[in-house]
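The values are calculated or read from the model by the stated rules, or taken from the named source; none is laboratory data. In this text the structure is predicted, and so the values were computed from the model without any measurement. A quick note on method: Cβ atoms are made from the backbone with ideal geometry, for glycine too, and the neighbour counts reach across all protein chains shown. All accessible areas refer to the heavy atoms of the entire protein, side chains included, with ligands and DNA or RNA removed. Shrake-Rupley method; radii C 1.70, N 1.55, O 1.52, S 1.80 Å.
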Amino acid sequence: HRTTTSLAGPSFFTCKRNVLQAEGKKLGLVGWVQNTDRGTVQGQLQGPISKVRRMQEWLETKGSPKSHIDRANFSNEKVILKLDYSEFQIVK
């Protein structure tokens, strides 16, 4: 399963990328995450749908410490037969 993620909040680095990466790895997900010039965080999650849903719930209800996520958008969800990534990466 694959989904594109966008997070927005009041601070420039809404969600610490390394914390998001660690949570994704803990759940066995692959993909990427990066900060944008708009002050948001975006990324792509890939893995079993149950794990993707758990990560989405984590982003909507908890997120990284000391961050405040005002909005978590998930789009472009689709079933995939093969993962596009082999690990969860931070893109700069």
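Per residue, the stretch 18-92 exposes 63 Å² of solvent-accessible protein surface, assessed with a 1.4 angstrom probe and all protein chains in place. Placing pseudo-labels 7 Å out from each Cα toward the beta carbon at Ile49 and Gln34 gives an inter-label distance of 2.9 nm.
Could you give the length gained by full extension between Glu57 and Phe74, i.e. 0.36 nm per residue of separation minus their alpha carbon distance, to one decimal place?
Numbers: separation 17, 0.36 × 17 = 6.12 nm, distance 1.10 nm.
Gain on stretching Glu57 to Phe74: 5.0 nm.
Net charge dipole, the stretch 42-90: roughly 120 debye, given to the nearest 20, about the Cα centre with Cβ charges of +1 for Lys and Arg and -1 for Asp and Glu. Projecting the Cα atoms of Ala22, Thr40, Ser64 onto the charge dipole of the chain (Cβ charges, centred on the Cα centre) puts Ala22 farthest toward the positive pole.
Evaluating 6.51 cos²θ - 1.76 cosθ + 1.60 at θ = phi - 60° for every residue in the stretch 21-33, the Karplus couplings come out as 4, 4, 5, x, 5, 4, 7, x, 8, 10, x, 8, 8 Hz, glycine and proline recorded as x. Note down the relative contact order for the chain as a percent, whole number, built from C-alpha pairs under 8 angstrom at least six residues apart. Once divided by the residue count of the chain, the mean separation gives 46 percent.
In this simple spin-label model, placing a label point 7 Å from the Cα along the Cα-to-Cβ direction at both Thr4 and Lys26 gives a separation of 2.8 nm. Once you've got the GNM for the chain with C-alpha springs shorter than 10 Å, pick whichever of Arg38, Arg71, Arg17 has the biggest mean-square fluctuation. So, out of Arg38, Arg71, Arg17, the one fluctuating most is Arg38.
To the nearest 20 Debye, how big is the dipole of the stretch 10-92 about its Cα centre, given +1 on the beta carbon of each Lys and Arg and -1 on that of each Asp and Glu?
Working: 14 positive and 8 negative charges, 35 e Å.
Dipole about the Cα centre, nearest 20: 160 debye.
Between the Cα long axis of helix 49-61 and the first principal axis of the chain there is an angle of about 10°, rounded to the nearest 10. When the Cα atoms of the chain are aligned to their principal axes, the ranges along those axes come out at 37, 26, 23 Å in descending order. Of the residues His1, Gly31, Ser86, the one whose Cα sits farthest toward the positive end of the charge dipole of the chain, with +1 on the Cβ of Lys and Arg and -1 on the Cβ of Asp and Glu, is Ser86.
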